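Enquirer: Sending over a structure as structure tokens; questions will come in a sec.
The values are calculated or read from the model by the stated rules, or taken from the named source; none is laboratory data. As the structure is a computational prediction, the values presented were derived from the model and not from experiment. Glycine gets a Cβ as well: all are built from the backbone with ideal geometry, and neighbour counts include every protein chain shown. In case anyone asks, the SASA skips ligands and DNA or RNA and just uses the protein heavy atoms, side chains included. Shrake-Rupley method; radii C 1.70, N 1.55, O 1.52, S 1.80 Å.
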Amino acid sequence: MCGIAGIYNPKGVHQEMVKQMTDAISHRGPDAEGFFVDGAFGLGHRRLSIIDLSIAANQPMQSSCGRYWMVFNGEVYNYHDIA
């Protein structure tokens with residue numbers, strides 16, 4: 001099962017903060033890690049690849065318009081249809 005992390009700090013977030021969080025849950029996802037940091041917000045992800053083994057499934061994921069970012073733990077079973 002993947003591991004996700006998030007942080008909000010009005011004083012600002014640095015990628016190293018998020019990396020420390022994801023390092024603490026590295027056992028949840030040894031296959032990949034990713035980060036997104038923007039001002040006061042940070043997202044982190046540790047990936048355990050099960051169904052989609054491609055790097056296209058690495059997280060955090062960005063929306064097609066580029067405005068939104070997300071991390072999640074779960075499976076998108078129709079990923080072939082929506083890719």
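Enquirer: If we count every other residue with Cβ under 14 angstrom of Leu48's Cβ, Lys/Arg +1 and Asp/Glu -1, where does the sum land?
Expert: The answer is -1.
Enquirer: Something else now. Using a probe radius of 1.4 Å on heavy atoms only, what accessible surface per residue do you get for the chain? Whole Å² is fine.
Expert: Spelled out: the 1.4 Å probe surface of the chain, per residue, equals 68 Å².
Enquirer: OK, next. If you average the alpha carbon positions of the stretch 1-30 and of the stretch 58-83, how far apart do those two centres end up, in angstrom?
Expert: Cα centroid of the stretch 1-30 versus Cα centroid of the stretch 58-83: 18 Å apart.
Enquirer: Return the distance in nm (one decimal) between the two label points of a simple spin-label model at Met17 and Met1, each offset 7 Å from Cα along Cα→Cβ.
Expert: 2.7 nm
Enquirer: To the nearest 10 degrees, how steep is helix 15-24 against the longest Cα principal axis of the chain, on a 0 to 90 scale?
Expert: Rounded to the nearest ten degrees, it is 60.
Enquirer: Put a dot 7 Å past each Cα toward the Cβ at Ala24 and Ser49; how far apart are the dots in nm?
Expert: Label at Ser49, label at Ala24, 2.8 nm between them.
Enquirer: From the helices alone, meaning DSSP H stretches of at least four residues, give me the mean residue ellipticity at 222 nm for the chain, per-run term -39500 (n - 2.57), in deg cm²/dmol to the nearest 500.
Expert: That comes out to -4000 deg cm²/dmol.
Enquirer: Given contacts defined as C-alpha pairs under 8 Å and at least six residues apart, what's the relative contact order of the chain, whole-number percent?
Expert: In percent, rounded to a whole number, it is 30.
Enquirer: If you don't mind, there's one more thing I want to ask. Once fully extended, how much extra length lies between Asp38 and Tyr79, figured as 0.36 nm per residue of separation less the alpha-carbon to alpha-carbon distance?
Expert: Contour length minus the Cα-Cα distance gives 12.0 nm.
Enquirer: Of the listed peptides 24-31, 41-48, 75-82, what is their order by residue-averaged count of other C-beta atoms within 10 Å, with the highest listed first?
Expert: Taking the mean over residues of other Cβ atoms within 10 Å, the ranking is 41-48, 24-31, 75-82.
Enquirer: Okay, moving on. Quick one: with all protein chains in place, what share of the accessible area of the chain is carbon or sulfur, to the nearest percent (1.4 Å probe)?
Expert: Roughly 56 percent of what the probe reaches on the chain is carbon or sulfur.
Enquirer: Also: Compare the Cα positions of Leu53, Trp69, Ile7 along the charge dipole of the chain (+1 at Cβ of Lys, Arg; -1 at Cβ of Asp, Glu; about the Cα centre) and return the one farthest towards the positive end.
Expert: Ile7
Enquirer: Let me ask you something else. Along each of the three principal axes of the Cα atoms of the chain, give the extent in whole Å, ordering the values from largest to smallest.
Expert: 41, 32, 16
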